[in-house]
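Worksheet: one structure, shown below.
The values are calculated or read from the model by the stated rules, or taken from the named source; none is laboratory data. Here the structure is a predicted model, which is why all the values come from computation and not from measurement. So basically every Cβ, Gly included, is an ideal-geometry build from the backbone, and we count neighbours across all protein chains shown.
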Amino acid sequence: MRQDQLDATFAALADPTRRAILSRLAKGEATVNQLAAPFNMTQPSISKHLKVLERAGLISRGRAAQTRPCRLETVPLKKAAQWVETYRHLWEDSFDRLDAHLKAAQSAKAKGKINAGQ
């Protein structure tokens, strides 16, 4: 994935309204009015969010009679997930070290109780 495409994807995902729109589109196509319904904002504001999502390649708009239904495009999400996945080992290593530390602390605490009781 090109860096500018990845940047656009993460910038689009940074906004909770846009994430909610994507969640709705994961259930199927929707018109702008359907997407705007749950939000307390004007249609031009929703349209701005849709333009950001469209520029990032996260949605596309079709044409059906008088409407332009929006649909989710999953390729940019998949590419972003793949990028994040390359860093999985970092947090897994951190969790493994934390787990080892907690086990050592529990073992030391248990030994302290046994020695105190003797």
Practice problem: Looking only at segment 82-104, decide whether some residue is within 24 Å of the chain's Cα centre (by Cα) and surrounded by 15 or more Cβ atoms within 10 Å (Cβ to Cβ). | Solution: no
Quiz item: How about segment 101-118: which of its residues are outside any helix (DSSP H, G or I) and either among the hydrophobic types (A, V, I, L, M, F, W, C) or modelled with pLDDT of 80 or more (or both)?
Solution: none
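Let's see how each residue does on (1) β-branched (Val, Ile, Thr); (2) surrounded by 12 or more Cβ atoms within 10 Å (Cβ to Cβ); (3) touching a strand residue (DSSP E or B) at 6+ places or on another chain (Cβ under 8 Å); (4) farther than 18 Å from LYS78 by Cα:
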residue: ALA20; (1), (2), (3), (4): no, yes, no, no
residue: GLU29; (1), (2), (3), (4): no, yes, yes, yes
residue: PRO38; (1), (2), (3), (4): no, no, no, yes
residue: SER60; (1), (2), (3), (4): no, yes, yes, no
Quiz item: Within segment 1-74, which helices (runs of 4 or more DSSP H) (wholly inside it) include 2 or more residues that are modelled with pLDDT of 95 or more?
Solution: 3-13, 16-25, 43-55
Exercise. Give segment 55-72 a look and list any residue that's of a type in the set (D, E, K, R) and either outside the structural domain of PHE10 (by TED's automatic domain parsing) or in contact (Cβ under 8 Å) with a residue 24 or more places away in the chain (or both), or say none.
Key: ARG55, ARG68, ARG71
Practice problem: Might you check whether a residue that is surrounded by 14 or more Cβ atoms within 10 Å (Cβ to Cβ) and within 15 Å of the chain's Cα centre (by Cα) occurs anywhere in segment 40-55? | Solution: yes
